[in-house]
Every structure is written in C-alpha cells, then in structure tokens.
Ligand code: FE
Ligand code: FE
Ligand code: ZN
C-alpha cells in the first residue's frame, strides 16, 4: 500500500516547519508555495532550514514533495511586464524547487485575458521554451483548470496543445485537480476510468505526476473553482461537496494514483482551522463518516 497523501502546508517556518506541519496531519507528502501564493516576494533559500527539513523528512518517510508556483504568475499574458515577471520568477522558482529537493513544480498555465485561447497557448509555450533546461531535474506540472474566466487548461486538448509546442516537453507533467476537472465538465464521479482513457488519448497518462484532491462546492461543469472539504454535507460551514466521498476515495485508491503525491487543498474555516488530518485519515482508511 503506497498511498502518498498530504496537503498544502506553510513554508513560514521553513522546510522544517512545513514538514513538521505535514507530519502533524499524518501526511507522507506535502505541497508548499515558496512564499505567499499571491505575491512574488521570496525568503532567501539560506533561511528556509532546508537541511534540517530534509533530515526530518527522511526520519518520517517523506521523499516526495510538491512546489506550487504563485497564482499571480501568468505566462499567457500579452502585457510585457507581467510576462517578464512570469519568466524571471519561474526561472528562480525552478532553482528553489531543486534546492528544496522537489521534483514537481505545479503551474496554472495562464489566462489569455483580452486575447484568445490560441494566443495564450502560444505565449505559454514560448515562455516554457525559454525556461526549460536540459539539466533540470524536475517536471513543470501544468494544472488542469476549472475554466473560469479566460483560464487556459480547461480541457485536456488545451494542455496537449501547449505540450506539443514545447521543445523540451519531456520536462512537462500534469497536475490533475479533482475539483477543477469536475468543474470543467469531466465526469470523475461516475466515469473516472473513462476520463483517464480520454486523458491517455489526448495527453498520455505518463504525463500525470501529481493530484490535487479537493471536493467542489458546485455541480459538474459549473466552471467555478471553489474547493470543498472531502465528504462535506450541507451542515459543513464551508459548504457541501458535490463530488462526494465515494468518488474521491475511488480516485485516491485507483492504481493511477499509486505512489504519486496526492495533495489536499481543501478549505479552512476563518483561516484558523483546517480538516487536513481528518481528511487524510478518512481517505487512507476509508472510514466512511457521513460528515466531518
Ligand atoms: Fe493550483
Ligand atoms: Fe489545485
Ligand atoms: Zn482550484
């Protein structure tokens, strides 16, 4: 049994603090933003307690972690200053990811804003062609998106088009987000195997590297991107999950998820309480509780 499951944790106390937080939830993987997700200010690597963190991780059997690029990065932007920032930030973020010992950096492909989807796809691919190096030891994992606004990556075809245009696309992976694929219209509840078949035909299952495991506050196809807690009912103050425990449990225990980092990005209550520990234990053990 090699379920590798964890959640987003804070880098505020360095890699050591992040790993300690993950272990406190019963996790054996975790995901971090290298600083605030909504800005590009970053703490110098020397202050991130990387050695102590890695030692602690070895002691707790954590060998695979995920970095998430900040969501303000937009490689599809036509505005020079936004695009240049995305290029320079990602270049240093790749160095940080390697220094932190992670093999995966998750990236929202981008939003085309006032242009169109083809413009955005070309712009993203051009950017990745400038950033990717042959000596990189990691995968840039494009995330499957919910399709809100002008987001690119709302279906497997858009992701495949980006990949085709990237020269060193052996460095490109995919992060499959359960909330986003559900919100963009894929029936992961009743037909996860069918969705995987489609993924395989269009992108290739060998690209699938990371999962984001989230419920959704909205019905399939809503294109909203609002995450729900796992198995949450109407009584949950954060709202009801439309995907449901059985579907998420099936995905988490599906052979395709074996050994891959499965990362919860489920909601907190008032920024003070999360349910990661309960959610991880439910998903590991299959304890079918009706409500959290
Ligand atoms: Fe994301
Ligand atoms: Fe996600
Ligand atoms: Zn999301």
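A single member of 56, 89 is within 16 Å of ligand 1 (Cβ to nearest atom) and either more than 17 Å from the chain's Cα centre (by Cα) or at pLDDT 95 or above (or both), and it is 89. Among the conditions (1) within 20 Å of the chain's Cα centre (by Cα); (2) over 16 Å from residue 103 (Cα atoms); (3) crowded, with 16+ Cβ neighbours inside 10 Å; (4) more than 16 Å from ligand 3 (Cβ to nearest atom), the only one that residue 16 does not satisfy is (1).
Taking residues in region 205-216 that are modelled with pLDDT under 95, and partners anywhere that are within 11 Å of ligand 2 (Cβ to nearest atom) and part of a strand (DSSP E or B), not one pair has Cβ atoms closer than 8 Å while being at least 6 places apart or on different chains. Which of (1) crowded, with 20+ Cβ neighbours inside 10 Å; (2) touching a strand residue (DSSP E or B) at 6+ places or on another chain (Cβ under 8 Å); (3) closer than 30 Å to residue 149 by Cα does residue 239 not meet, given it meets every other one? In the conditions (1) crowded, with 20+ Cβ neighbours inside 10 Å; (2) touching a strand residue (DSSP E or B) at 6+ places or on another chain (Cβ under 8 Å); (3) closer than 30 Å to residue 149 by Cα, residue 239 misses (1) alone.
Only one of the listed residues (50, 124) is away from ligand 3 (no atom under 16 Å from the Cβ) and in contact with a strand residue (DSSP E or B) (Cβ under 8 Å, 6 or more places away or on another chain). That residue is 124. Every test in (1) closer than 25 Å to residue 164 by Cα; (2) within 16 Å of ligand 1 (Cβ to nearest atom) is passed by residue 203 save one, and that test is (2).
Filtered by the rule that a residue be at positive phi and in contact with a helix residue (DSSP H, G or I) (Cβ under 9 Å, 6 or more places away or on another chain), region 148-162 gives a lone residue, 153.
Within the option set 60, 68, being in contact with a strand residue (DSSP E or B) (Cβ under 8 Å, 6 or more places away or on another chain) and either in contact (Cβ under 8 Å) with a residue 60 or more places away in the chain or within 19 Å of residue 263 (Cβ to Cβ) (or both) holds for one residue only, 68. Residues in region 109-132: is at least one within 16 Å of ligand 2 (Cβ to nearest atom), under 22 Å from the mean Cα position of the chain (by Cα) and loosely packed, with under 15 Cβ neighbours inside 10 Å? No: region 109-132 contains no residue that is within 16 Å of ligand 2 (Cβ to nearest atom), under 22 Å from the mean Cα position of the chain (by Cα) and loosely packed, with under 15 Cβ neighbours inside 10 Å. Are any residues in region 135-164 closer than 18 Å to residue 71 by Cα, part of a loop (DSSP other than H, G, I, E, B) and in contact with a strand residue (DSSP E or B) (Cβ under 7 Å, 6 or more places away or on another chain), and if so, which ones? Within region 135-164, 144, 145, 149, 150, 153 qualify. Counting only residues that are farther than 21 Å from residue 32 by Cβ and either touching a residue at least 40 places away in the same chain (Cβ under 8 Å) or within 16 Å of ligand 2 (Cβ to nearest atom) (or both), region 253-266 holds 4 of them.
Here residue 174 fulfils each of the conditions (1) closer than 26 Å to residue 259 by Cα; (2) touching a helix residue (DSSP H, G or I) at 6+ places or on another chain (Cβ under 7 Å); (3) within 16 Å of ligand 3 (Cβ to nearest atom); (4) touching a residue at least 40 places away in the same chain (Cβ under 8 Å) apart from (4). Of the residues making up region 1-24, those that are more than 30 Å from residue 84 (Cβ to Cβ) and out of contact with any strand residue (DSSP E or B) (no Cβ under 6 Å at 6 or more places or on another chain) number 11.
Which one of these does residue 182 not meet: (1) in contact with a strand residue (DSSP E or B) (Cβ under 7 Å, 6 or more places away or on another chain); (2) within 16 Å of ligand 1 (Cβ to nearest atom); (3) part of a loop (DSSP other than H, G, I, E, B); (4) over 25 Å from residue 62 (Cα atoms)? The one condition residue 182 does not meet is (3).
The values are calculated or read from the model by the stated rules, or taken from the named source; none is laboratory data. All values reported here derive from a predicted model rather than from experimental measurement. Neighbour counts are summed over all protein chains in view; Cβ atoms, including those assigned to glycine, are modelled from backbone coordinates with ideal geometry.
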